[in-house]
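**Q** Before I ask anything, let me first share the structure, which is written out below as structure tokens.
Since every read-out is calculated from the coordinates, none of them should be taken as a lab result. Everything quoted here is computed from the prediction, not taken from an experiment. As a convention, Cβ positions derive from the backbone with ideal geometry for all residues, glycine included, and neighbour counts pool all protein chains shown.
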Amino acid sequence: MMLQAAPDPLLRVENLVVEYAVGGKTVHAVSDVSIEIARGETLGLVGESGCGKSTLGRAVLQLRPAVSGKVLFDGHDLTTMQGEALRRMRRRVQLIFQDPIASLNPRRRIGDIVAEPLVISGVKDPGRRSQLVHDVLSAVGLDPALVIGRLPHEFSGGQCQRICIARALVLNPDFVICDEPVSALDVSIRAQILNLLEEMKARYGLTLLFIAHDLAVVKAVSDRVAVMYLGRLCEVGPSEQLFARPAHPYTALLIDAIPVPDPDIRPAETVPVGEPPSPIAPPSGCRFRTRCPRADARCANEVPELRAVAPGQFAACHHPLV
Amino acid sequence: MSSGVLLSVEDVVVDLPTPRGNLRAVDHVDLAVGAGRTLGIVGESGCGKTMLSRAILQLLPRKARPSGRVMFDGQDLLRLPAEKLRRLRGRSLAVVFQDPMTSLNPVLTIGTQLIETIREHLELDLAEARQRGVDLLAAVGIPAPEQRLEQYPHQLSGGMRQRVAIAIALSCEPKLLIADEPTTALDVTIQAQILDLLAREQRRRHMAMIIITHDLGVVAGRTDEVAVMYAGRVVERAPTSALFKQMRMPYTEALLAALPKLDAAPHTPLPAISGRPPDPTRPLKGCSFAPRCRYAAGRCNTEKPSLSRAETPGHLYACFHPIETGAGAVA
């Protein structure tokens, strides 16, 4: 099943499998995932801890070797690339992490941190480098004159995330993977950074993979949303549609579990659906079946394939809700 | 709520000496919790909500200088001798912290930790205490409790560990449970289960509870009253439904507005709060929120607003230019 996002997607992941060994056992982190991201699109990727969403992001960048499958970036298969060719491709893909303070070297000055990608990619003229650093820092809302000579500890979490975004954008990439970029930030700062990401997307013509566990945050920025559970994709669809009419019982569970800031909406006593099993020994068939109210014998025996349930919306479920 | 006040925090101040000068973490806070009631304390990092809970529990850093009164069940906890305080904590006053991995001892089994707490406070022999431990683990939704007693914390998932921490907190039938960001470290489906569990046990035991959180969504459906903190002070306090229906303090409104909403269309710009909270070692002369407030004018920068009464009984706010009732943006 190909989830056609556009005739000429910027990123196309085909049947990607990523596994790692832990204490002699195999963690099935990403199992047979296929997904596309169109040029200029933001794809939100949601799921709980251990579902494989971060591993998928890293595998796209080849920071995690794939066991099998392809990662086609602008038509080139990154999984077969090495050395200089891969490095050249990677310049077009940047990563923003969850913990902005830990992502910055505490002993280097902000100007040097943001200039580093330029140095690595061979921009030799210091005047040119400092111009680019100046421009990108202004773009993310920092005053270059005030920040370039300072050290990371002099900045708050929100400002450090602005610096990380500047560093990711200084090479003018096509594609940015944001891995939980706002989950370490306070509510009032989170909104600033989400708005900034949207502005930067428009200004630099970016395509985004936005990984997060918070559905409301993902919905705020994404054109389409993909839901992962225990290494597999459960559901993919346009944001509005997916939230209005989830087809996969897991998507529905996630949406119901969000605390809504409205006292008139009494939280429904959740069905005690237990906890996700270990990705070392995922359940047979549908991996969600051990927590699913609709599961039957077929779910234990047969892995559900992603199937169209509505225009643009796909769910991997034998008993979809729509 | 005048009858049966269990805890009353009266004019509490917590000062912390730092190399950069005095840091006033809690700044003249008054709060009350009735028996069997739930109070939510909401605020962002550094607003003083955790320091306030530490002051109630008398678990402040050694350097901290608290003042005011914390009346619990007729006694002032700030002036209680250490030994009496120790009897009270764990027995009548229990706490659940954010990170269950750090609140459980990694080298002791679940059973040892649970039974130790029970026997420390209740006159039970080992077999009785063990049975009580098994019953508690079952009550907090832990499958196969007998076997769990023999396990160590690292053998359990984060959600299960938090259930154990709750079982320990509930073990001596406390009158007040303080839950400090009890679900922040947990996944969203587990968070819902843990919040349900706390609510169920609270009803069953007629226990009072304080939920401390940064998430307005967590307090909305699950508390009787909410206090919003900013820069060490309570800036708005109200019965939960009144707060969400007609918030008066611009900070509360801005905090709610800045939350991404599930029913908003994608790519809707969020009304962000500009800037960030003030440096707590450099207190402002006027309202602490004034530099970030879109309504700030005149005396907001020179004078601190005190808590004043709104029309709804029990609703207080600290603002010179409160949001007009009826016009308040309700999300």
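**Q** How large is the charge dipole for region A:100-218, taken about the Cα centre, if only the Cβ atoms of Lys, Arg (+1) and Asp, Glu (-1) carry charge, to the nearest 20 debye? Can you show the working numbers first?
**A** Details: 12 positive and 13 negative charges, 85 e Å.
For this selection, approximately 400 debye.
**Q** State log₁₀ I(q)/I(0) for region B:226-282 at q = 0.20 Å⁻¹ as given by the Debye formula over alpha-carbon point scatterers of equal weight, solvent excluded.
**A** -0.86
**Q** Ok, one more. Taking the protein assembly as shown on its own, what percent of its Cα-Cα pair distances exceed 31 Å?
**A** Details: 121625 of 212878 pairs.
For the protein assembly as shown, the fraction of Cα-Cα distances above 31 Å is 57 percent.
**Q** Sticking with this structure for a sec: Express the Stokes-Einstein translational diffusion coefficient of region A:1-158 in µm² s⁻¹, to the nearest whole number, given a Kirkwood radius over alpha-carbon pairs, 25 °C and a viscosity of 0.890 mPa s.
**A** Working: Rh = 18.1 Å.
Result for D is 135 µm²/s.
**Q** Now for a different question. So what's Rg/Rh here for region B:165-312, counting alpha carbon atoms and using the Kirkwood radius for Rh?
**A** Numbers: Rg = 17.8 Å, Rh = 17.6 Å.
Across region B:165-312, the Cα-based Rg/Rh ratio is 1.01.
**Q** Continuing with this model, one more query. Mind listing which GluC sites (Glu not before Pro) in region A:223-322 are in a DSSP loop and have 12 or fewer other Cβ atoms within 10 Å?
**A** On the way: sites: A:Glu235, A:Glu240, A:Glu269, A:Glu302, A:Glu305; in loops: A:Glu269, A:Glu302, A:Glu305.
Loop-located and lightly packed - A:Glu269, A:Glu302, A:Glu305.
**Q** On a 0 to 90° scale, report how tilted helix A:126-139 is relative to the longest principal axis of chain A, with both axes built from alpha carbons and the result rounded to the nearest 10.
**A** With both axes taken from Cα atoms, the answer is about 50 degrees.
**Q** Work out from phi, with θ = phi - 60° and the Karplus expression 6.51 cos²θ - 1.76 cosθ + 1.60, the ³J(HN,Hα) of each residue of region B:69-77, listed in order in whole Hz, and give x for Gly and Pro.
**A** Result, ordered by residue: 10, 10, 8, 10, 6, x, 10, 8, 4 Hz.
**Q** Fewest to most neighbouring Cβ within 10 Å: what's the order for A:Ser183, A:Ser239? All intermediate terms of the calculation are to be shown ahead of the outcome.
**A** Details: A:Ser183 14, A:Ser239 22.
Ranking A:Ser183, A:Ser239 by Cβ neighbours within 10 Å, fewest first, gives A:Ser183, A:Ser239.
**Q** Still on this structure, please answer the following. Averaging over every viewing direction, what projected area does the convex hull of the Cα atoms of region A:194-300 cover, in nm²?
**A** Working: hull surface 34.2 nm².
Answer in nm², one decimal: 8.6.
**Q** Oh, and also: Could you give each residue of region A:48-60 its phi-based ³J(HN,Hα) in whole Hz, using Karplus coefficients 6.51, -1.76, 1.60 with θ = phi - 60°, and x for Gly or Pro?
**A** These are the phi-based 3J(HN,Hα) values: 8, 3, x, 7, x, 5, 6, 4, 4, x, 5, 5, 4 Hz.
**Q** Kindly put A:Tyr20, B:Tyr317 in sequence by how many other C-beta atoms sit within 10 Å of each C-beta, fewest to most. Before the final figure, lay out the partial values.
**A** Details: A:Tyr20 14, B:Tyr317 24.
Fewest-to-most ranking of A:Tyr20, B:Tyr317: A:Tyr20, B:Tyr317.
**Q** Hey, if you put +1 on the Cβ of every Lys and Arg and -1 on every Asp and Glu Cβ in the protein assembly as shown, which of A:Ile96, A:Val60, A:Val309 ends up farthest toward the positive end of that dipole?
**A** In the protein assembly as shown, that residue is A:Ile96.
**Q** If I model a spin label at B:Glu324 and A:Arg109 as a point 7 Å from the Cα along the Cα→Cβ vector, what separation in nanometres do I get?
**A** Taking the simple label geometry, B:Glu324 and A:Arg109 are separated by 5.3 nm.
**Q** Which residue, B:Leu23, A:Gly158, A:Val217, has the largest displacement toward the positive end of the dipole of the protein assembly as shown when charges sit on each Cβ (Lys, Arg +1; Asp, Glu -1)?
**A** The one lying farthest along the dipole's positive direction is B:Leu23.
**Q** Give me the percent of DSSP beta bridges within the protein assembly as shown that run antiparallel, rounded to the nearest 5.
**A** Counting only bridges with both partners in the protein assembly as shown, antiparallel ones make up about 60 percent.
**Q** Taking R0 as 30 Å, what's the FRET efficiency between B:Arg65 and B:Arg282 from their Cβ-Cβ distance, rounded to 0.05?
**A** About 0.95, to the nearest 0.05.
**Q** Throw me the Rg/Rh for chain A, computed over C-alpha atoms with Kirkwood Rh, two decimals. Each step should come with its number before you reach the end.
**A** Working: Rg = 20.5 Å, Rh = 20.8 Å.
Computed over Cα atoms, the ratio is 0.99.
**Q** So what are the three principal axis dimensions of region A:76-118 from its Cα atoms, in whole Å, longest to shortest?
**A** 35, 22, 14
**Q** Counting only residues 5 or more places away or on other chains, whose amide H sits under 5 Å from the amide H of A:Val225 once H atoms are built in the peptide plane?
**A** The answer is A:Gly44, A:Gly237, A:Ser239.
**Q** Can you compute 3J(HN,Hα) from phi for each residue in region A:29-35, using the Karplus curve 6.51 cos²θ - 1.76 cosθ + 1.60 with θ = phi - 60°, rounded to whole Hz and x for Gly and Pro?
**A** 6, 10, 10, 6, 9, 10, 7
**Q** For chain B, which DSSP H helices look membrane-span-like by this rule: Cα extent along the axis of 24 Å or more and mean Kyte-Doolittle of at least -0.5? Don't jump to the answer; show the numbers that get you there.
**A** Values: long enough: B:188-205 (26 Å, -0.44).
Qualifying helices, which must be both long enough and hydrophobic enough, are B:188-205.
**Q** Excluding B:Glu253 itself, what net charge comes from residues whose Cβ is under 13 Å from its Cβ, given Lys and Arg +1 and Asp and Glu -1? Don't skip to the end; give the middle numbers.
**A** Values: positive: B:Lys245, B:Arg248, B:Arg292, B:Arg294; negative: B:Glu236, B:Glu324.
With Lys, Arg at +1 and Asp, Glu at -1, the net is +2.
**Q** Roughly what percent of Cα-Cα pairs across region B:20-134 reach past 16 Å?
**A** So the portion of pairs separated by more than 16 Å is 70 percent.
**Q** Looking at chain B, send over the antiparallel percent of its DSSP beta bridges, to the nearest 5.
**A** Numbers: 29 of 48 bridges.
Restricted to chain B, the bridges split so that about 60 percent are antiparallel.
**Q** Counting only DSSP beta bridges with both residues in region A:171-282, tell me the antiparallel percent, nearest 5.
**A** Values: 6 of 11 bridges.
In region A:171-282, approximately 55 percent of DSSP beta bridges are antiparallel ones.
**Q** Whose amide H sits under 5 Å from the amide H of B:Leu23, counting only residues 5 or more places off or on another chain, with H placed in the peptide plane?
**A** Here the answer is B:Leu16, B:Thr18, since their amide H atoms fall under 5 Å of that of B:Leu23.
**Q** Another one. Only Lys, Arg, Asp and Glu count, each charged at its Cβ (+1, +1, -1, -1), so figure out the dipole size of region B:227-317 about its Cα centre, rounded to 20 debye. Don't jump to the answer; show the numbers that get you there.
**A** Details: 13 positive and 6 negative charges, 53 e Å.
Here region B:227-317 has a charge dipole of around 260 debye.
**Q** Just grab the label-to-label distance for A:Asp32 and B:Thr184, each label 7 Å out from Cα along the Cβ direction, in nm (one decimal).
**A** Reported label-point gap for A:Asp32 and B:Thr184 is 4.1 nm.
**Q** When we measure straight from the Cα of A:Lys219, which lysines land under 22 angstrom away, once same-chain ones fewer than 8 places off are left out?
**A** List returned: A:Lys53, A:Lys201, B:Lys261.
**Q** Can I ask one more? Sorted from largest down, what three extents in whole angstroms do the Cα atoms of region B:5-229 have along their principal axes?
**A** For region B:5-229, the Cα extents along the three principal axes come out at 50, 38, 37 Å.
**Q** Hey, which of these cross-link pairs are over 26 Å Cα-Cα: B:Lys49/B:Lys245; A:Lys70/A:Lys124; B:Lys84/B:Lys175; B:Lys49/B:Lys175; B:Lys49/B:Lys304?
**A** Working: B:Lys49/B:Lys245 23 Å; A:Lys70/A:Lys124 34 Å; B:Lys84/B:Lys175 16 Å; B:Lys49/B:Lys175 21 Å; B:Lys49/B:Lys304 20 Å.
Violating the 26 Å limit, Cα to Cα: A:Lys70/A:Lys124.
**Q** Taking the Cα centre of the protein assembly as shown as origin, sum charge times position over the Cβ atoms of Lys and Arg (+1) and Asp and Glu (-1), and report the length of that vector in debye to the nearest 20.
**A** Values: 75 positive and 69 negative charges, 271 e Å.
The calculation lands at about 1300 debye.
**Q** Relative to the longest principal axis of chain A, what angle (0 to 90°, nearest 10) does the C-alpha long axis of helix A:110-120 take?
**A** Here the helix axis deviates by roughly 80 degrees.
**Q** By counting other Cβ atoms within 10 Å of each Cβ, how are A:Arg58, B:Arg237 ranked from fewest to most?
**A** Exposure proxy ranking, most exposed first: A:Arg58, B:Arg237.
**Q** Please quote Rg/Rh for region B:157-233 to two decimal places, taking the Kirkwood radius as Rh and restricting both calculations to Cα atoms. Before the final figure, lay out each step's value.
**A** Values: Rg = 12.5 Å, Rh = 13.1 Å.
My calculation puts Rg/Rh at 0.95.
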